[in-house]
Structures are given as structure tokens and as C-alpha cells.
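Please read the structure below before turning to the comments.
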Amino acid sequence: MTTVLTAVSHHHETAVVAAVGDAPGLTLVRRCADLAELLSAGAAGVARVAVVSADLRGLDRDALRHLAGHGVRVAGFVDPADEEGERRLRQLGVATLLHPGDAPSAVGAALAGLAEATTSQPLPVAAPPVDVGPDAPRVRTPVTVVWGPTGAPGRSTVAVTLAAGLAGSGVRTLLVDLDTWGASVAQLLGMADEAPGVAAAARASEQGTLDVPGLARLAPEALPGLRVLTGLPRADRWPELRAAAVEDLLRLARAVAEHVVVDVGFALEDDEELSYDTAAPRRNAATLTALEAADHLVAVGAADPVSLQRLVRGVQEVAVRPAPRPLVVVNKVRAEVAGPRPERAIREVLGRFAGLEEVRMLPWAPDDCDAAVLAGRSLTEVRPRSPLTVAVAGLAAELDPRCAQALGSTRHGRRRRVRV
Ligand SMILES: Nc1ncnc2c1ncn2[C@@H]1O[C@H](COP(=O)(O)OP(=O)(O)OP(=O)(O)O)[C@@H](O)[C@H]1O
Ligand SMILES: [Mg+2]
């Protein structure tokens with residue numbers, strides 16, 4: 001017997017209850033009055049399948065993820081004339097749809113089939129409807145997350161310079177600011193604070209209306225080939241960035257560009273473990289979801305002793321999470337904080353205390369960084385020949401072979417157009 005919950009709006013109630021009641025092999029265990037009741041029944045583990053109507057109040061991606069997390073698969077109930085409702089359910093990832101008047105045997109088969117799908121299977125997601133670029137990307141678009149511990153080691157500087165460097169070498173790039181503790185990309189690139197950015201994208205995703213062209217519209221070009229989805233305008237709006245929406249927007253982001261670079265917050269604690277309400281928003285959900293989605297992880301730490309210790313701890317914390325192995329980058333490298341031979345000293349410390357053999361170094365360049373911040377432009381524009389800009393370009397080449405090719409061809413004499 002397949003156990004079923006229903007949560008549908010009033011005018012569908014009779015039809016849904018009759019359809020489930022008449023279908024062979026199904027047991028209706030509860031008729032939930034609203035979404036809240038459905039979520040708690042789902043969490044209680046009383047049923048394998050839920051039937052929801054397209055117009056159920058509050059139904060969003062996070063609710064579906066919550067149900068999926070408790071092993072409850074969801075089918076939609078929608079009137080065939082309600083095209084908008086059907087589209088919305090599909091965009092939310094609800095692939096099994098029932099209609100008024102479906103034969104009981106068909107309803108039974110559909111819901112039993114849904115229940116049999118393994119619960120570990122991710123929510124079905126609608127394929128991105130169109131590609132916005134003139135030429136569809138040939139390789140899967142990588143997502144590079146730039147993370148680092150607390151203490152402003154330079155995550156945003158590295159993320160912005162990396163993204164600008166990729167774009168400058170011809171790789172169409174989308175830079176996403178998911179820092180829920182202090183977004184800064186919009187300011188670093190002199191973009192209007194009112195840019196709708198991630199908050200609008202997350203809202204559209206929750207409502208099931210986010211698609212590839214919509215995401216592209218929310219991410220204007222800051223430089224040729226560099227689109228930017230700006231961060232939360234105020235840090236106290238962090239509850240707007242829920243895991244399911246972030247997961248959805250990063251999935252769609254891969255169709256917007258050829259490389260996605262994500263700036264995230266420093267914190268990795270998962271408040272969910274402290275909370276009884278598993279559907280409550282979590283401040284670090286955006287970071288943790290981005291780490292999970294990432295193909296490459298860049299872990300940035302600063303070169304002073306306090307920062308190096310945080311970096312070592314941070315890399316150990318990241319290692320126990322679902323995330324790629326980090327490419328460790330030490331920024332702001334200078335003799336004043338690390339001794340007369342700073343690179344060697346840093347390699348020794350990281351090797352000895354953290355077993356980190358492969359470390360990339362970025363030089364201390366306060367004047368160049370200040371000039372870029374003051375101008376509200378990237379280092380690639382303001383100081384293209386700064387040792388810091390050049391070192392980050394090397395990082396970009398390591399992360400994306402297409403960028404390496406572009407750099408190689410410049411080195412071998414073919415002039416690249418440099419924006420000034
Ligand atoms: N290599 C460098 N040399 C000198 N200054 C740097 C370097 N990299 C970054 N900075 C400066 O360090 C400060 C912090 O940089 P940034 O904002 O990139 O750090 P963050 O890790 O993103 O911090 P936050 O915690 O605020 O998100 C900025 O003033 C920036 O200009
Ligand atoms: Mg930052």
C-alpha cells in the first residue's frame with residue numbers, strides 16, 4: 001500500500017480525495033489543511049507521497065526540498081486548463097501531474113510509481129528552457145567557489161579578479177555574490193546598490209518562476225563577458241537565501257555563462273543541527289549549498305600568523321563537508337608578517353601543521369587594491385600589470401584550460417585586447 005498525504009486548495013479537495021480513495025493500492029493517511037500541516041506530517045514520516053495542488057498557498061522549492069529530505073515524493077494536481085499552474089509545478093520540479101477526471105487506476109499507478117523512486121534521488125528539475133549565449137557552451141560550465149575563513153583575507157578581491165580575468169581571456173563568466181555576512185561585489189565593481197541580484201533570483205526560484213533568461217536579466221554585464229549577480233544589499237536579509245533557491249540558481253547559472261565564480265561567506269556552521277525546526281532558514285545555507293555544487297574550491301587565507309592558523313582550521317573543516325578538495329591560496333604575502341623569506345616560511349608552516357603541500361601565493365599589493373576599490377573597478381582594468389593581477393590570472397589559467405590557452409597565445413606574441 002502506498003501511503004498518501006493531500007494538501008490541496010478547497011475547490012480541488014473533493015476531486016483529489018475521491019481520486020486517491022478510489023485508486024487501487026493507495027491509502028489516504030491525512031488531508032492536510034495547509035502547507036504547514038503537510039510539512040509537519042511529512043516530517044513525521046507518515047506517508048511516502050504527497051499530492052499538492054498548483055495553487056496551494058506557500059508552496060515553493062524549499063517546501064518541496066523539505067519533503068524530499070523526509071523521503072516524501074510529491075505529485076501535483078492541476079486543472080488541464082490551468083497552463084500557468086502546470087508550468088509552475090514543472091518549474092518547481094514536480095514531474096508527476098494528476099488531473100481531475102484521471103482514471104483511478106492511472107492515479108494509483110502514478111503515485112505508486114512515484115513512491116518506488118528511491119528517496120535519495122534528487123528532486124527532478126526542469127531542464128533550462130533556452131541558452132542565452134550565441135554559442136552554447138561545449139564543456140559543462142564549471143562552478144568555482146571562493147571561500148576563506150574570517151578576517152577578510154581577500155575572498156572578494158580574489159573572486160572579482162578571477163572572474164574578470166576569466167572574462168578578459170574570452171570565457172563568458174557569471175560572478176555570484178552569496179556572502180550572507182557582508183556582500184561586497186556590487187560595490188567593488190561600482191554597480192548600483194539597487195541591482196536586484198541574488199535576492200530577486202532567490203524569490204523567483206522560490207515561486208517557481210526562475211529560468212535561464214530571467215536569471216541572465218538579473219545579472220547585468222559589469223565588463224564585456226562578465227555578468228554579475230550582486231549580493232544581498234543588507235546582511236540582515238540573509239533569510240532570503242535558502243538552500244533550495246541557491247541550488248536552483250547555481251544550476252541555472254551554468255546555462256548563463258561558461259564559468260561561474262561564487263563569492264561566499266566565511267562561516268561553515270550548520271545551524272540546522274541546533275534548531276528543532278528543520279524548515280527554518282539557515283544563515284550559512286548559501287555557503288554550504290555552493291560548496292556542495294562546486295566543481296572547484298579556492299580557499300583563501302591571509303599570510304599573517306593568525307590568518308594562517310584560521311586557514312589551517314578552515315581547510316580541515318571544509319574537508320569533512322561535501323565539497324571539492326580546495327586549492328589553497330595564501331594572499332597578502334609579505335615579509336613583514338611572515339619573515340624575510342615569506343613564501344618559504346608559509347609553505348613550511350602549512351606543510352608541517354596541515355599537510356598542505358600545494359599552496360599558491362598572492363603578493364601584498366595594497367596600493368593596487370586601494371586604487372581598484374576607490375575606482376569601483378576590477379584590478380584587471382585598473383592595474384592589469386600588477387603582480388597581484390598577474391598571479392590571479394595564473395590561478396584562472398589553472399582553473400580553466402580555456403583561460404590558459406588565451407594566456408598562452410598572448411605570451412607567444414599574439415596581442416590580446418586589453419581594456420583600459
Ligand atoms: N593581495 C592584497 N594585498 C593588499 N591588500 C589586499 C590584497 N587582497 C585584498 N586586499 C585588501 O584586503 C581587504 C579585504 O579584502 P576583501 O574584501 O577581498 O576580503 P574578504 O575576505 O572578501 O572580506 P569580507 O570578510 O569582508 O568578505 C580589502 O581592503 C582589500 O583591498
Ligand atoms: Mg568579501
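Of the residues making up region 244-257, those that are open to solvent by 10 Å² or more (accessible area, probe 1.4 Å) and touching a helix residue (DSSP H, G or I) at 6+ places or on another chain (Cβ under 8 Å) are E247, R251, A255.
Take P324 and tell me if it is over 15 Å from G351 (Cα atoms), of a type outside the set (D, E) and touching a residue at least 24 places away in the same chain (Cβ under 8 Å). Taking the combined requirement at face value, the residue satisfies it. Please work out which residue is modelled with the lowest pLDDT, limiting yourself to region 281-306 and to residues that are part of a loop (DSSP other than H, G, I, E, B) and open to solvent by 10 Å² or more (accessible area, probe 1.4 Å). Checked region 281-306; the qualifying residue modelled with the lowest pLDDT is P281.
Using the structure shown, decide if A152 is at pLDDT 95 or above, open to solvent by 60 Å² or more (accessible area, probe 1.4 Å) and within 16 Å of ligand 2 (Cβ to nearest atom). When the stated conditions are applied, A152 passes them.
How about region 171-221: which of its residues are open to solvent by less than 40 Å² (accessible area, probe 1.4 Å), more than 16 Å from ligand 2 (Cβ to nearest atom) and more than 30 Å from L56 (Cβ to Cβ)? Of everything in region 171-221, those that are open to solvent by less than 40 Å² (accessible area, probe 1.4 Å), more than 16 Å from ligand 2 (Cβ to nearest atom) and more than 30 Å from L56 (Cβ to Cβ) turn out to be V171, T173, L174, A195, A219. Restricting region 307-352 to residues that are assigned to a helix (DSSP H, G or I), open to solvent by 30 Å² or more (accessible area, probe 1.4 Å) and closer than 19 Å to L268 by Cβ leaves a set whose member that is modelled with the lowest pLDDT is A319.
Per the listing V20, V29, the residue uniquely under 20 Å from G71 (Cα atoms), open to solvent by 60 Å² or more (accessible area, probe 1.4 Å) and of a type outside the set (D, E, K, R) is V29. Highlighted here are the helices (runs of 4 or more DSSP H) found entirely within region 171-237 that include at least 3 residues which are within 16 Å of ligand 1 (Cβ to nearest atom): 185-188.
Taking first residues from region 215-226 that are in the same structural domain as L252 (by TED's automatic domain parsing) and partners that are of a type in the set (D, E, K, R), the Cβ contacts under 6 Å between residues at least 6 apart in sequence or on separate chains come to A219/R227; E221/R227; G225/R172.
Criterion first (surrounded by fewer than 16 Cβ atoms within 10 Å (Cβ to Cβ), in contact with a Gly (Cβ under 9 Å, 6 or more places away or on another chain) and under 26 Å from A280 (Cβ atoms)) does D34 satisfy it? For D34, the condition - surrounded by fewer than 16 Cβ atoms within 10 Å (Cβ to Cβ), in contact with a Gly (Cβ under 9 Å, 6 or more places away or on another chain) and under 26 Å from A280 (Cβ atoms) - is met. The set of residues in region 213-263 being out of contact with any strand residue (DSSP E or B) (no Cβ under 6 Å at 6 or more places or on another chain) and more than 29 Å from A280 (Cβ to Cβ) consists of P213, A216, R217, P220, L223, P224, G225, A255, E258. Of all residues in region 361-413, those that are within 14 Å of ligand 1 (Cβ to nearest atom), in contact (Cβ under 8 Å) with a residue 24 or more places away in the chain and open to solvent by 50 Å² or more (accessible area, probe 1.4 Å) total 5. For V260, the conditions (1) open to solvent by 30 Å² or more (accessible area, probe 1.4 Å); (2) more than 13 Å from ligand 1 (Cβ to nearest atom); (3) at pLDDT 95 or above all hold with the exception of (1). With at pLDDT below 90 and either out of contact with any helix residue (DSSP H, G or I) (no Cβ under 8 Å at 6 or more places or on another chain) or not β-branched (V, I, T) (or both) as the only criterion, which of R73, R87, R65 stands out? Going through R73, R87, R65 in turn, just one is at pLDDT below 90 and either out of contact with any helix residue (DSSP H, G or I) (no Cβ under 8 Å at 6 or more places or on another chain) or not β-branched (V, I, T) (or both): R65.
Count of region 86-115 residues, restricted to those that are open to solvent by 10 Å² or more (accessible area, probe 1.4 Å), under 24 Å from R251 (Cβ atoms) and in a loop (DSSP other than H, G, I, E, B), is 1.
The values are calculated or read from the model by the stated rules, or taken from the named source; none is laboratory data. All values derive from a computational prediction rather than experimental measurement. Quick reminder, even Gly has a Cβ in these numbers, built from the backbone with ideal geometry, and neighbours come from all protein chains shown. For the accessible areas, the whole protein counts, side chains as well, though only heavy atoms, and no ligand, DNA or RNA atoms are used. Shrake-Rupley method; radii C 1.70, N 1.55, O 1.52, S 1.80 Å.
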